[in-house]
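Please read the structure below before turning to the comments.
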Ligand code: ACM
């Protein structure tokens, strides 16, 4: 029992003798304290199960040990058949896993995921009320491994942890661009690492119907170009997810976003066909006819089949962006609205949802839908997923619905991780009652796939989704953005080790983009340059490229990844100036490096042949950005800017920020801030530092007019 006493001492030790209090674990645990000492990780590392054990937990331990073997090069003890040799005696094991109860084989909303971890110089003790909690704790332990000249080790530490929200999801859209099973599986591995527990599969949309239907086979046969999951594959995904403590919630979007259904079954639509798979992105008119009984007979059959295939009690019916155009143009549908006193198209949509909810209830499912389905007639048990704005979540919770937040977690829009990280489902300023707050189940990152293929999707999901996962798991007070980015760097390496391609795809993509005539030094310059570039943010990409399933996503915007580190480094330096912590001239080194990098691209651009024009333009913009910083530094010394100066600065900034092939320099926002700081510099004397900062931010980013 010696190790127990040591563990207790470790748990009581406050602070960290001789050690910085940084814990490179993401999501950050609820509570932790470093103790002195460390546990050596050697080839003798053994595991013992005390208490309950499940096949999922045992498999998770096997994956964890393999991950550590890959990092350390050690070979842990194995049986003659090649499986890991589990110790029989807790006294002599390195890792003791003690789970009080077996978690259900299929994870359920609200299963206890808490755990505690105590590491002493002698042993790791992982305790949890359920085997699923033990799996979450294993993911934490995996991230604690360190090395120095003495070898591999885990620091002595005591951790107590449990999730803040029970619904922590990632939506993957497999409809717009098909994402085959290997994409789903590796992202499930990433989710397990980030302690996410819901995979929301967006399985049908105008551009594709992606599940085999045995009862209505023209759905996948005519609506998918042959790109769909067989039912066997769906079962495989569900099992793979369940083994990692992740639920799978299917979404079949209806009544809008459903043109692909009508290719094989045009009689479902509200206007005569024929229909074809939609190839472009946007909101389209085709919509299911909710006035015909044949529609409900069809959906009863379809939902009966799909609710049996997907075992989770929650079933998503979409319900978003129904523009009502086909309904308004159809006299019989408008007559139906009148006859049934449904008032308008919204009333008809609510009628449709009630009918679908009845079917789902009979099939034993809870309905989930986007916030457009919120309506006074919708039963309170329906779960609302809020995407359109911060008000949607509160409105649904006030109306008595369980809610999930996705507004602010749209990772497909390529915003920085910091924006998502500071988007809290329950900010301290929220006006909900305790009862209403309890209805907020959590949130989901949404990976819509208009602009993502199997080759690029990982780099759109990761590592930023790990920051969202931390927001949903860790206490609200864990909100230091710089610390988050430090942890995110570690998390990103762990995700690569787990098989995600967000870092490793870049090299071959860039090589293909650059073409066969690129020289090694040209490719190196391009690699550095692309790190300065980001895909345009928000819904702007369709403004620069003709978005469709036919456009190969292999251009500059696809090689570039969101949340550029180079851009962030400059933004931090500008912040230091605005916060009075650095002299404006500290920015000179950035301008110098941009000039050099821009010149290298100019030298090598011709090697890229047809890509040369866009690279020349962007590198000229980077060189001009360097010159612009120089001009701004001159401005800091002089009088407050006049109208003419501001106008020319704005024109120049716009030119510097101009996207090429939907990719833009990642330094535009901090340059805006710097422009405001330069123009307002003389007023600094008359204001408090806080007032001045506020003025600079307001000048750079004026609040949008309502
Ligand atoms: C959505 O983004 N239309 C839910």
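Stretched out straight at 0.36 nm per residue, the stretch from residue 108 to residue 297 would grow longer than its current Cα-Cα span by 65.0 nm.
Taking every alpha-carbon pair in the range 184-225 and binning the separations at 5 Å intervals from zero gives 6, 21, 20, 13, 14, 14, 9, 2 percent.
Using the Cβ-Cβ distance between residue 239 and residue 643 with R0 set to 60 Å, the FRET efficiency from 1/(1 + (r/R0)^6) comes to roughly 0.35.
Evaluating kT/(6 pi eta Rh) at 20 °C and 1.002 mPa s, with the Kirkwood radius of the range 303-353 over Cα pairs in the Stokes-Einstein relation, gives 167 µm² s⁻¹.
Between residue 697 and residue 375, the modelled labels are 4.1 nm apart [label points 7 Å from Cα along Cα→Cβ]. Full extension of the chain segment joining residue 483 with residue 613 gains 42.9 nm, where the gain is 0.36 nm per residue of separation less the Cα-Cα distance. Remark: spin-label model distance residue 585-residue 22 equals 3.1 nm, labels positioned 7 Å along the Cα→Cβ axis. Extending 7 Å from Cα along the Cβ direction at residue 430 and again at residue 358 yields two label points whose distance is 3.4 nm. In whole angstrom, note down how far apart the Cα centers of the range 99-140 and the range 56-72 are. Each part's Cα centre sits 15 Å from the other's.
With both residues required to sit in the chain, DSSP beta bridges show an antiparallel share near 40%.
Determine the gain in length on full extension of the stretch residue 91-residue 55; use 0.36 nm per residue of separation and subtract their C-alpha separation, reporting nm with one decimal.
Values: separation 36, 0.36 × 36 = 12.96 nm, distance 2.33 nm.
Here the answer is 10.6 nm.
All of the numbers you see were taken from the coordinates with simple rules; none came from a lab. Predicted model only: the values in this text are computed from it and were never measured. Heads up, the Cβs are rebuilt from the backbone with ideal geometry, glycines too, and the neighbour counts pull from every protein chain shown.
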